[in-house]
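The values are calculated or read from the model by the stated rules, or taken from the named source; none is laboratory data. All figures in this text were calculated on a predicted structure; none of them were measured in a lab. Reconstructed Cβ throughout: ideal geometry from the backbone, glycine too, with neighbour counts over all protein chains shown. Accessible surface is based on the protein model in full, side chains and every heavy atom, while ligands, DNA and RNA are left aside. Shrake-Rupley method; radii C 1.70, N 1.55, O 1.52, S 1.80 Å.
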Amino acid sequence: MSSKKTRPRRSTAPPVSTPNAAVVSRSFASGWIISPLWDSLLFIGAPLVCMATLLPLSRLWTSEQTAVFLLAFFTFGHHFPGFIRTYGDRELFARYRLRFLLAPPLIFATALWFDLKDLHGLIIFVSAWDIWHVLMQHYGFMRIYDAKQGVMGSTVSRMDWAVSISWYLTLIIASPHYRHNLLSRAYAAGLPLISSNYFMAVQNFMMILTATLTLAYVGYHLYLWRTGRPVSFRKLALLGIFLSATYYLYVYVEDFVVGFCVWSAFHCIQYYGIVWAFNRTRVARNSPLTSFVRFLFRPRTGLVILYLGLIAGYGSVNYWVGLVADETWHRLLIAFVFTSNALHYYYDGFIWKLREPETRQD
């Protein structure tokens, strides 16, 4: 029997590595969704980026031209990434199959019927839903940054929600243009007139409530900081920039059409970014996705350009509505645009919930 030690045979199989999982882990540990640069551009500082790049368009175009461009290629176009998430994630689709299959034709038929009957109730309904939808997206980003910092208590999450909704509603009331737009739609839908005294009482109440909640919010976060508990300054920066930009674009800017459209654009850019980051994580974790999603959400510059091109292409549908002269096609396009809006609000109400373990993991 030989005394020579037997060496283990070297494996010819390639080494096992999970660089994508490592990237995901580092992103979570760092407290950023993507990275400091991209979070600053796409999420936290998106309002500043949009104001710096899109407000100058109003000097080159009329208000109507600016609105048509931004509402089509940003506001309407940003529905498309949500539909990619909805119909490209096999796990999500299996969980809500009936909703995803039945909702589109039912909403389209309803929208077409309302348009044929010249009814306006759906318009005010969607306007109110849009306000809620925007708030929930902003609140969701706040909770993401808190979670990445290790802040998971119910008290701070409720305070985030309360201060966000009170400030946003107060700024809507303080905006003469937004207020007028909402009230005129409400009156067109048949709602009774609101007296000026009643409206002023609501406005004063909201201001007092918002000031009280803000003081409590600041005091609570100071308490957390002084006692050595984690505080997400990224979340606080996100909140401060969001509210400042909303005030500037809703109240300060005289041309409300331009201000509102620029405001809507940063909401959309945040959505582009979170869908891209989320699906990149899903691809990295080899989640059950369609081949199209696996192809599109890879770390390639060309694919990012393709992603934005698809969004712009979908947004062009809204642009063509004003150019179609045939009455039948115009009605169909109007119903399609309404359906896309309603589906976007409806789907986003449950496909991004952070209390869902699958969503929270990614």
Could you tell me whether Val231 is of a type outside the set (Lys, Arg) and in contact with a His (Cβ under 7 Å, 6 or more places away or on another chain)? yes
Within the stretch 251-286, of all residues that are modelled with pLDDT under 90 and among the aromatic types (Phe, Trp, Tyr), the one nearest to Val49 (Cα to Cα) is Phe260
If you take the residues in the stretch 318-330 that are part of a loop (DSSP other than H, G, I, E, B) and not acidic (Asp, Glu), which one is surrounded by the most Cβ atoms within 10 Å (Cβ to Cβ)? Val324
Kindly evaluate Tyr217 against the criterion of being aromatic (Phe, Trp, Tyr) and either modelled with pLDDT under 85 or within 21 Å of Tyr345 (Cβ to Cβ) (or both). no
So the helices (runs of 4 or more DSSP H) completely within the stretch 112-213 holding 3 or more residues that are modelled with pLDDT of 75 or more and among the β-branched types (Val, Ile, Thr) are 121-149, 154-174
Residue hits (the stretch 112-136; over 18 Å from Lys353 (Cα atoms) and within 25 Å of the chain's Cα centre (by Cα)) are Gly121, Leu122, Ile123, Ile124, Phe125, Val126, Ser127, Ala128
Can you name every residue in the stretch 342-362 that is open to solvent by 30 Å² or more (accessible area, probe 1.4 Å) and either touching a helix residue (DSSP H, G or I) at 6+ places or on another chain (Cβ under 7 Å) or part of a helix (DSSP H, G or I) (or both)? Tyr346, Gly349, Trp352, Lys353, Leu354, Pro357, Glu358, Arg360, Gln361, Asp362
Any idea which residue in the stretch 79-108 is surrounded by the fewest Cβ atoms within 10 Å (Cβ to Cβ), counting only those that are in contact (Cβ under 8 Å) with a residue 40 or more places away in the chain and of a type in the set (A, V, I, L, M)? Ala103
Is there a residue being assigned to a loop (DSSP other than H, G, I, E, B), aliphatic (A, V, I, L, M) and surrounded by 20 or more Cβ atoms within 10 Å (Cβ to Cβ) anywhere in the stretch 239-247? no
Looking only at the stretch 331-341, decide whether some residue is open to solvent by less than 40 Å² (accessible area, probe 1.4 Å) and not in a helix (DSSP H, G or I). no
Taking the stretch 284-306 and keeping residues assigned to a helix (DSSP H, G or I) and touching a residue at least 60 places away in the same chain (Cβ under 8 Å) leaves Ala284, Phe292, Val293, Leu296
Can we say Phe338 is under 19 Å from Leu92 (Cβ atoms) and either over 19 Å from the mean Cα position of the chain (by Cα) or of a type outside the set (A, V, I, L, M) (or both)? no
Output for Cβ contacts, cut-off 8 Å, separation at least six or different chains, first residue more than 13 Å from Ile124 (Cβ to Cβ) in the stretch 179-199, second modelled with pLDDT under 75 and surrounded by 11 or more Cβ atoms within 10 Å (Cβ to Cβ), reads Leu193/Tyr187; Ile194/Leu183
Which members of the stretch 122-134 meet the condition of being under 20 Å from Leu238 (Cα atoms), among the aliphatic types (A, V, I, L, M) and surrounded by 17 or more Cβ atoms within 10 Å (Cβ to Cβ)? Val134
If you go through Val163, Val231, the only one that is within 25 Å of His133 (Cα to Cα), surrounded by 11 or more Cβ atoms within 10 Å (Cβ to Cβ) and in contact (Cβ under 8 Å) with a residue 24 or more places away in the chain is Val163
